[in-house]
Amino acid sequence: MSTPILEIEELHKRYGATTALNGVSLTVNAGELFGLLGPNGAGKTTLLSIVSGLIDADGGIVKLDGQRFTRTDRELRRLVGIGTQDLAIYPDLTARENVLFFGNLYGLDKKQLADRTEELLTAVGLHDRADQRAGTFSGGMKRRLNLAVAVVHSPKLLLLDEPTTGVDPQSRQLIFAIVKSLNAAGMTVVYTSHYMEEVQALCQRIAIVDGGKVIACDTLAHLLTLRPSGLKLKVERAPTEFLDRIRILPGVLSAASHPDGVAIETDAIGPLLPRLAEACRDAGLTPMSMEVNESTLERVFLHLTGHALRD
């Protein structure tokens, strides 16, 4: 049975008249790469700020590694690393000096920190720029350095808030590889992003937050079943017996006629395509076109929230 590293129960937070969190509850298990999705203003950053000890909640419980967590608990705070949306690095320090500075804050001994610094600068692709000031770096380089300082103390739980904002494709792929490597080595990661394709590619389990509440939390596979793949098969006519034949094909969830042919929902689009071709052939029908809409996290999100992620 999985062991929770993060347990959140009925978390509440208000800023004046604005409710940021309205009874958020979720559990992240040790070793997970957990996704957190939601539109701007949904409460994601507030949630991460509470879990990392940057701000207090108005109500509710946070447990880290099975222990009740508060902002004043310095030992538990050491279990957490956070890659903030706003860069936490110092532009006037070099890449090496930034990593050393944050490592010193965590009390790492001199030899351990020196080795860890070289290891991290290599991992994030900045070893050859280690002695250049961070302020001269590109957006992608700054993001990679921001990730390095977040994990200098080898936290058990890494919180990443929009870690690829404003980066080039090469840096994005390197950040993905680093996150996967950290997770494979045993670090639990909570990954928050506006880019649903990133979360879909990286995360095994995902929570969708909207209006300060968790509206869905499940494995990616189960979430995708909430909005199955769809396809529209254009044929000149769709007789009743043809529709009846399609409805009983394996993987078909529904089939209905539309003005240009047949609209189908399926949870197995790949295996269904050759069966559809066979059904058309047997019915003497020639498909004129086919439009496929595969199940994606974005379709699920729109289905659950009714608005786009970047609202």
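Of the residues Phe69, Phe34, only one is among the aromatic types (Phe, Trp, Tyr) and modelled with pLDDT under 95; which?
The conditions single out Phe69.
The residues in region 31-49 that are under 15 Å from Ile8 (Cβ atoms) and over 15 Å from the mean Cα position of the chain (by Cα) can be counted, and the count is 2. Across region 72-86, the qualifying residues are those that are modelled with pLDDT under 90 and touching a helix residue (DSSP H, G or I) at 6+ places or on another chain (Cβ under 8 Å), and the one among them that is farthest from Ala150 (Cα to Cα) is Gln85. Of all residues in region 102-131, those that are under 20 Å from Pro163 (Cβ atoms) and either in the same structural domain as Ile178 (by TED's automatic domain parsing) or touching a Phe, Trp or Tyr at 6+ places or on another chain (Cβ under 9 Å) (or both) total 2. Quick check on my filter: what residues within region 177-235 are charged (D, E, K, R) and over 9 Å from the mean Cα position of the chain (by Cα)? Residues satisfying the conditions are Lys180, Asp210, Lys213, Asp218, Arg227, Lys232, Lys234.
Residues in region 6-38 that are out of contact with any helix residue (DSSP H, G or I) (no Cβ under 7 Å at 6 or more places or on another chain), in a loop (DSSP other than H, G, I, E, B) and within 30 Å of Phe176 (Cα to Cα): Ala30, Gly31, Glu32.
Screening Thr18 against (1) at pLDDT below 95; (2) surrounded by 16 or more Cβ atoms within 10 Å (Cβ to Cβ) leaves a single unmet condition, (2). Annotation for region 189-199: at least one member residue is out of contact with any helix residue (DSSP H, G or I) (no Cβ under 6 Å at 6 or more places or on another chain), among the aliphatic types (A, V, I, L, M), buried (at least 20 other Cβ atoms within 10 Å of the Cβ) and assigned to a strand (DSSP E or B).
Residue pairs whose Cβ atoms lie under 7 Å apart, sitting 6 or more positions apart in sequence or on different chains, and linking a residue in region 189-202 that is not assigned by TED's automatic domain parsing to the domain that holds Asn40 to a partner that is at pLDDT 90 or above and surrounded by fewer than 19 Cβ atoms within 10 Å (Cβ to Cβ), do not occur here.
Of the residues in region 54-75, none is acidic (Asp, Glu) and in a strand (DSSP E or B).
Looking at Gln112, Gln132 in this structure, which one is without any contact (Cβ under 8 Å) to a residue 60 or more places away in the chain and touching a strand residue (DSSP E or B) at 6+ places or on another chain (Cβ under 9 Å)?
Details: Gln112 fails: touching a strand residue (DSSP E or B) at 6+ places or on another chain (Cβ under 9 Å).
After ruling out the rest, the residue left standing is Gln132.
The values are calculated or read from the model by the stated rules, or taken from the named source; none is laboratory data. Keep in mind the model is a prediction, meaning the values are calculated, not measured. We place every Cβ from the backbone using ideal geometry, glycine too, and count neighbours over all the protein chains shown.
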